[in-house]
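Take a look at the structure set out below.
The values are calculated or read from the model by the stated rules, or taken from the named source; none is laboratory data. This is a predicted model, so every value here is computed, not measured. Cβ sites come from the backbone with ideal geometry, for glycine too, and all protein chains shown count toward neighbours.
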Amino acid sequence: MAVPAAMELVDLALRAAHAYERPDLAVRLGHTRHRLEDPNVRVLIVGEFKQGKSQLVNALINAPVCPVDDDLATAVPTAVLYAEQPSVTLVWEGEQRRRSDVPVAKLADYVSEAGNPGNRQGLSRAEVGLPRNLLKDGLVLVDTPGVGGLGSAHGAATMATLPTADAVLLVSDASQEYTAPELDFLATAMRLCPNVAGVITKTDLYPHWRRITDLDRGHLAAAGITADLFPVSSVLRLEAVRSEDAELNTESGFAALVTFLRSEVLARADDLDRRSTSQDVLAVADQMGATMRAELAAQQNPQHAAALVSDLEIARGRAAALKDRSARWQHTLSDGVQDLSADIEHDLRDRLRVIGREADGLLDAADPADIWDQFGEWLEGQVATATSANFVWAGQRAEWLATQVAEHFAAEGDAVLPALRTGRTGEVGGHVDRLERPEQERLSIGQKLYVGARGGYGGMLMIGLATTLAGFAMLNPLSIGAGLLFGAKTVREEQARQLARRKSDAKTAVRKHLDEVTFQVGKDSRDMLRQVQRQLRDHFTSLAEELQTSVDSSVKAAQKAVSGDENVRRARIRDLEAELDRIAKLEERARALVPGARKVLV
Amino acid sequence: MTPGLGIAVRGVLRDAVDAYRDSPQATAWLRQHLARFDEPLRVAIAGKVKAGKSTLLNALVGEEIAPTDAGECTRVVTWYQDGPSPKVLMIPRDGPPRPLTVRRRDGALTIDLGGTPAERVDRLVVDWPSQSLRATSLIDTPGIASMSADTSARAGAFLVPEDAPAPADAVLYLMRHLHVSDVRFLESFHDQGVAKAAPVNTVAILSRADEIGVGRLDAMASARQIAGRYRRDEKLRSLCQTVVAVAGLLAQSGRTMRQAEFTALSTLATAQAADTEPLLLSADRFVRASETAPLDPETRAALLDRYGLFGVRLGITLIRRGIDDPGALSAELVKRSGLDELRTVLTTQFTERRDLLKSRSALLALELVLAREPIPASVPLAREVERITAGAHEFTELRLLTALRTRVVKLPQDVKAEAERLLGGDGGTPAARLGLDPSADPAELRAAVLEALGGWQRRAESPLSDRSQVGTARTLVRTCEGLLAALPR
């Protein structure tokens, strides 16, 4: 695990930053350290219901933690993570934000469909701590409630949490090959999450699981999805652990899955940690060294000091310009955010319009009073899917924009210190992957807003609609009574008239609802973008400030350097060389942190 | 109840044929429906991919005729009907019907489309001499939400055609668990036309029920519990008549059990527990070659293929408990599979309502013609359709049943259950409607009817009842009166 080594390195660099009086760099290292302190690697376990998700988690950690039932079992997402002592924490988010600890044995009362039907208690999630080796390195297994079709509202919510996960396991049992919704889900997951794999469960029960696995591989290949497949049997694994039967454990297929979690998921997160820490430390070291290198250059060649100073003055001007509003990256950012805002709004409107049309079609085809319940659910699901797709897309575009800005910043930043960059690789742009974490926070904030919007607006409007329609339902018996008096023809006309009115009222209600959604979600998107903009601006401005500070102190160092006394000069050169040597050692350690041979796509 | 409904519908159909004699298209369409009236009831088996549709069809027929496979298998709508000799007819979308060669492998029919791509085939019609197909023709459909979008489109178009009444009179909807897409599909059976009785012709089946309890011996009990929960589910109640749990594979293999298989199961059951227990741990272990295990791996593989791990486990347990002849074991397996229950439901829900379902299909077809090709004569015909629909008490009952189930008409819970039962929700026989034992004697029936009648008359006249309740009570009074009149004196 990288964390101890990386942590040590960051601490060392922090001490150096304080020693060289560069609090600005210390702040940056502080962020790095903070990021390292949260080692959690989230693995989302998703799938349609009754595929054996909870049992898979139980078999992975060898403890009957997640409730398993023949009927619906899991009602609340359950995160299983490492703890010295077994513990259960319930987490509420939103209005009644709180956490509370409960005895381990009581977990089923809160997370199972039997104990907490339809999550009546409004839990956001449950966290289960267990002393298990597999979890020790920060692995967090998140068992999600099964969803009725991945396209439903639950499915959309799951989709929105994907970008915050380090890996996704799609669970599907060996009774049948992948269905179209499952393949769609995998394709989307591939775009949002670095590590996606399929787990085929219950291989003990289905003799044809090899055929099914092959068929699934075929489907994946046909869809252009590159995900590993792991056929496993949770029953055999649990039995194997109970009877300590190594052969049975092999048959259960869990070895490959555990290896995947360790070597791909954990190692990748680890790799990412090492890489970004290394880059941060290198960038900091480079800037700390710049001052000393400037002074050293001046000390070594006093006759060229004046030229060096004037070079550095120009660099100072460039660094100041980088901070300016007129800098190219600033333009890229503000233009990009504007474009993005327009695009996202348009995308949302477009998606909702399509839903509106479909809804009109449905309402035309049937009596709203008959289909209202199902229709409401359908509408809610469609809107949820559309808004979450919009959010996910917005997140992706925002990330792309960040990369773009980073590139432009790096292009200009590289030009700032040409004289002092002594052939080192350009670490000014080393911040690109630093953005990954803020990106996650942004999305989770957006997602919260979105979930809030869905619950609040969806609920309110649905109820509003239901009562409007209840008004009509009361008219029905009256019309039946009237019909008995006036004969069948009048009844039919009256009924047709009422039906038409019900339909037009229902359509108006739908349009109103969609309007509200557009308004609320549009605001959320804009808020998210503003936050992105602010975050990126602050981030790059502080980088520009760091650069400026570096150049400033370089200029000062170069100016004061020129001393007449040869001995003093020699001593100073020795000092500087020693300091630079220390920094070089720091850089070396930073480079050593990244496993050299491995290339990981970031 | 009133035998008049069928006669009246036939009459109006014949009148329509007469009135439309100038339009060959309409005449052909109407004649077809007139002929359909005398054909066996058409029951379609629908559901998502791999829900076990073909397996259930085989179980109902009692022979392995529909091909089944671990992968997605049925790609063309296939009709199975009784016939004097085995015959397969392919009906392409365009072009004349073409007979296909009948070939069987291990009892199952292998159908070779002869190079015609599946999307060009409208349907296959299989004639098969079988007692089970005499009263009802069965229609096997491709899975919905199938991987190949076109396959599921074919199923959708067949079951819920956009431009014509569905060719099936009734639908068995198979689901492994209740998914949103299942609900959506069931909803599409809602029709706008004549009887407005959506759930009347649909029975939902919790298929592959043995797998719900992951093959444990008590799996069926827990599947039945889940089916019971679904039955009580308000939403599902408004979409189908009832929900039954069936283990299709067990039913199919139970009905077609061979002597050799019984012998093999007995060998396993009587062998040392230490030798058989490891085998039963997983499907892989069951077919693995081993020196100590009874039977050779090929026999075991064949057994597993036919019965599934659950069937094998159950079979062995039953033999150990003392069942010692193939007939008894077969009967017990079929009983445990839930097939008997399904058959009872089919009888009460479909066969007993045959005339009603047929009339409904025919009136839907006639309404379509009247709307599509209006001629002067269609006005009196439409009036006649209206008269039958409004006048036939069967349709009134159906409408009310639907209204109760979809909660359009609200009644107190206990009264509602009684109303649904009286309207024929649990079956159409007088005993079933009155909630009595089928063997109840006329005196008991009479007493029960009179009690129900009194209750509903009071409700119809109570000043506390609102309009819809009065309407409901009046319909039920008439139902009770009908029951009373039909009782032998």
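Points worth noting:
- From the options B:E291, B:E298, residue that is outside any helix (DSSP H, G or I), more than 12 Å from every other protein chain (Cβ to nearest Cβ) and modelled with pLDDT under 90: B:E291
- For region A:194-215, a residue qualifies if it is in contact (Cβ under 8 Å) with a residue 40 or more places away in the chain and either more than 9 Å from chain B (Cβ to nearest Cβ) or outside any loop (DSSP other than H, G, I, E, B) (or both), and the qualifying residues are A:P194, A:N195, A:A197, A:V199, A:T201.
- Within region B:419-442, residues that are without any contact (Cβ under 8 Å) to a residue 40 or more places away in the chain reach partners that are charged (D, E, K, R) with beta carbons closer than 8 Å, at six or more positions or on different chains, in the pairs B:E420/B:R405; B:E420/B:D426; B:R421/B:R433; B:A431/B:D437; B:G435/B:E418; B:G435/B:R421; B:G435/B:D426; B:L436/B:E444.
- B:T110 being of a type in the set (V, I, T) and either farther than 30 Å from A:H219 by Cβ or buried (at least 23 other Cβ atoms within 10 Å of the Cβ) (or both): no
- Criterion: at pLDDT below 80 and not assigned by TED's automatic domain parsing to the domain that holds A:V284 - qualifying residue of A:L586, A:L601: A:L601
- Considering (1) touching a residue at least 12 places away in the same chain (Cβ under 8 Å); (2) out of contact with any Ser or Thr (no Cβ under 6 Å at 6 or more places or on another chain); (3) in the same structural domain as A:N116 (by TED's automatic domain parsing), the lone condition that A:P64 does not fulfil carries the number (1).
- Condition check for B:V477: away from chain A (no Cβ under 14 Å) and either modelled with pLDDT under 80 or touching a Phe, Trp or Tyr at 6+ places or on another chain (Cβ under 8 Å) (or both): yes
- Test: residue in region B:10-21 that is within 14 Å of chain A (Cβ to nearest Cβ) and at pLDDT 85 or above: no
- In this structure, B:E211 qualifies as among the charged types (D, E, K, R), within 11 Å of chain A (Cβ to nearest Cβ) and crowded, with 20+ Cβ neighbours inside 10 Å.
Residues are listed down the side, and each one gets a yes or a no for (1) in contact with a Ser or Thr (Cβ under 8 Å, 6 or more places away or on another chain); (2) part of a helix (DSSP H, G or I); (3) not assigned by TED's automatic domain parsing to the domain that holds B:G311:
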site: B:V214; (1), (2), (3): no, no, yes
site: B:L217; (1), (2), (3): yes, no, yes
site: B:A223; (1), (2), (3): no, yes, yes
site: B:I226; (1), (2), (3): no, yes, yes
site: B:Y230; (1), (2), (3): no, yes, yes
site: B:L239; (1), (2), (3): yes, no, yes
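- When region B:368-382 is filtered for residues that are more than 14 Å from chain A (Cβ to nearest Cβ) and either of a type in the set (A, V, I, L, M) or crowded, with 17+ Cβ neighbours inside 10 Å (or both), the ones remaining, listed by number, are B:L368, B:V369, B:L370, B:A371, B:I375, B:A377, B:S378, B:L381.
- Of the strands (runs of 3 or more DSSP E) contained entirely in region B:97-146, those carrying at least 3 residues that are under 21 Å from the mean Cα position of the chain (by Cα) fall at B:121-128, B:136-140.
- Some residue of region A:180-188 being at pLDDT 85 or above, crowded, with 23+ Cβ neighbours inside 10 Å and within 14 Å of chain B (Cβ to nearest Cβ): no
- Selection status of A:L229, part of a helix (DSSP H, G or I), away from chain B (no Cβ under 13 Å) and touching an Asp or Glu at 6+ places or on another chain (Cβ under 9 Å): no
- Yes/no for A:R237 being within 14 Å of chain B (Cβ to nearest Cβ), over 30 Å from A:Q548 (Cβ atoms) and either basic (K, R) or outside any helix (DSSP H, G or I) (or both): yes
- Some residue of region A:20-38 being among the polar types (S, T, N, Q) and in the same structural domain as A:T188 (by TED's automatic domain parsing): no
- Of the set (1) at negative phi; (2) at pLDDT below 80, all apply to B:G107 but (1).
Every residue, every condition in (1) surrounded by 17 or more Cβ atoms within 10 Å (Cβ to Cβ); (2) within 14 Å of chain B (Cβ to nearest Cβ); (3) at pLDDT below 75, yes or no:
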| position | (1), (2), (3) |
| --- | --- |
| A:A384 | yes, yes, yes |
| A:T387 | yes, no, no |
| A:V392 | yes, no, yes |
| A:A402 | yes, no, no |
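- Verdict on B:V385 being surrounded by 17 or more Cβ atoms within 10 Å (Cβ to Cβ), within 14 Å of another protein chain (Cβ to nearest Cβ) and touching a residue at least 40 places away in the same chain (Cβ under 8 Å): yes
- Only one of the numbered conditions (1) at pLDDT below 85; (2) closer than 24 Å to B:T136 by Cβ is violated by B:A44, and that is (1).
- Subset of region B:20-47 [touching a helix residue (DSSP H, G or I) at 6+ places or on another chain (Cβ under 7 Å) and more than 16 Å from B:F350 (Cβ to Cβ)]: B:Y20, B:R21, B:A26, B:T27, B:W29, B:L30, B:R31, B:H33, B:L34, B:G47
- Test: residue in region B:237-244 that is at pLDDT below 85, of a type in the set (A, V, I, L, M), within 23 Å of B:T348 (Cβ to Cβ) and touching a His at 6+ places or on another chain (Cβ under 9 Å): yes
- Any hit, region B:437-449, residues being within 29 Å of B:R231 (Cβ to Cβ) and touching an Asp or Glu at 6+ places or on another chain (Cβ under 7 Å): no
- In region B:398-422, the residues that are part of a helix (DSSP H, G or I) and over 21 Å from the mean Cα position of the chain (by Cα): B:L400, B:A403, B:L404, B:Q413, B:D414, B:V415, B:K416, B:A417, B:E418, B:A419, B:L422
- Counted residues, region A:240-272 - those being of a type outside the set (G, A, S) and assigned to a loop (DSSP other than H, G, I, E, B): 2
- Selected residue [of a type in the set (A, V, I, L, M, F, W, C), away from every other protein chain (no Cβ under 14 Å) and surrounded by 16 or more Cβ atoms within 10 Å (Cβ to Cβ)] from B:L422, B:L411, B:L450: B:L422
- Enumerated helices (runs of 4 or more DSSP H) restricted to region A:1-102, each holding at least 2 residues that are in contact with a Lys or Arg (Cβ under 7 Å, 6 or more places away or on another chain): A:3-19, A:53-61
- Of the residues examined, B:T276 is one that is more than 14 Å from chain A (Cβ to nearest Cβ), of a type in the set (S, T, Y) and either crowded, with 19+ Cβ neighbours inside 10 Å or more than 32 Å from the chain's Cα centre (by Cα) (or both).
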